[in-house]
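Right, one structure below, let's go through it.
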Amino acid sequence: MADNNESNLTADDENKLIAQRREKLQQLRQQREAFPNDFERKHRSAELIEEFDDKDADELKQLASPAVVAGRIIRMRGPFVVIQDGYGQMQ
């Protein structure tokens with residue numbers, strides 16, 4: 001029986017926590033957009049690969065053009081990251 005009371009308290013605590021979070025979310029929505037997504041992708045991986053694949057390291061350093069991509073991080077090993085978007089993968 002003691003176990004049932006403890007589990008009920010846990011469920012009650014969880015319900016209170018959920019209610020608090022919903023209240024905070026409602027307050028955020030009243031103040032501003034709750035989940036802003038203002039990141040703008042400028043390039044696709046396939047475009048960058050096509051444009052820069054034939055360049056060597058010195059040419060790339062001279063260009064020094066920034067790239068803005070969006071995707072999922074597939075692998076991270078040391079300083080290397082593989083990003084995948086809907087058009088391909090790049091390191």
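The values are calculated or read from the model by the stated rules, or taken from the named source; none is laboratory data. Just so it is clear, the structure is predicted and the values come from calculations on it, not from any experiment. Don't worry about glycine lacking a Cβ; one is built from the backbone with ideal geometry, like all the others, and counts go over all protein chains shown.
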When restricted to PHE35, PHE80, the only residue under 30 Å from GLU23 (Cβ atoms) and either surrounded by fewer than 14 Cβ atoms within 10 Å (Cβ to Cβ) or assigned by TED's automatic domain parsing to the domain that holds GLU23 (or both) is PHE35
>> Based on this model, can you work out whether LEU9 counts as aliphatic (A, V, I, L, M), part of a helix (DSSP H, G or I) and modelled with pLDDT under 85?
In response: yes
Here the residues within region 73-91 that are among the charged types (D, E, K, R) and either over 14 Å from ARG44 (Cβ atoms) or more than 17 Å from the chain's Cα centre (by Cα) (or both) are ARG75, ARG77
Picking from ILE74, ILE18, the residue that is touching a residue at least 12 places away in the same chain (Cβ under 8 Å) and not basic (Lys, Arg) would be ILE74
Contact list, first residue from region 34-47 and touching a residue at least 12 places away in the same chain (Cβ under 8 Å), second anywhere and surrounded by 10 or more Cβ atoms within 10 Å (Cβ to Cβ) and hydroxyl-bearing (Ser, Thr, Tyr), beta-carbon distance below 6 Å, six or more apart or interchain, is ARG44/TYR87; SER45/TYR87; ALA46/TYR87
Of the conditions (1) out of contact with any Phe, Trp or Tyr (no Cβ under 7 Å at 6 or more places or on another chain); (2) touching a residue at least 12 places away in the same chain (Cβ under 8 Å); (3) not aliphatic (A, V, I, L, M), the single one that LYS24 does not satisfy is (2)
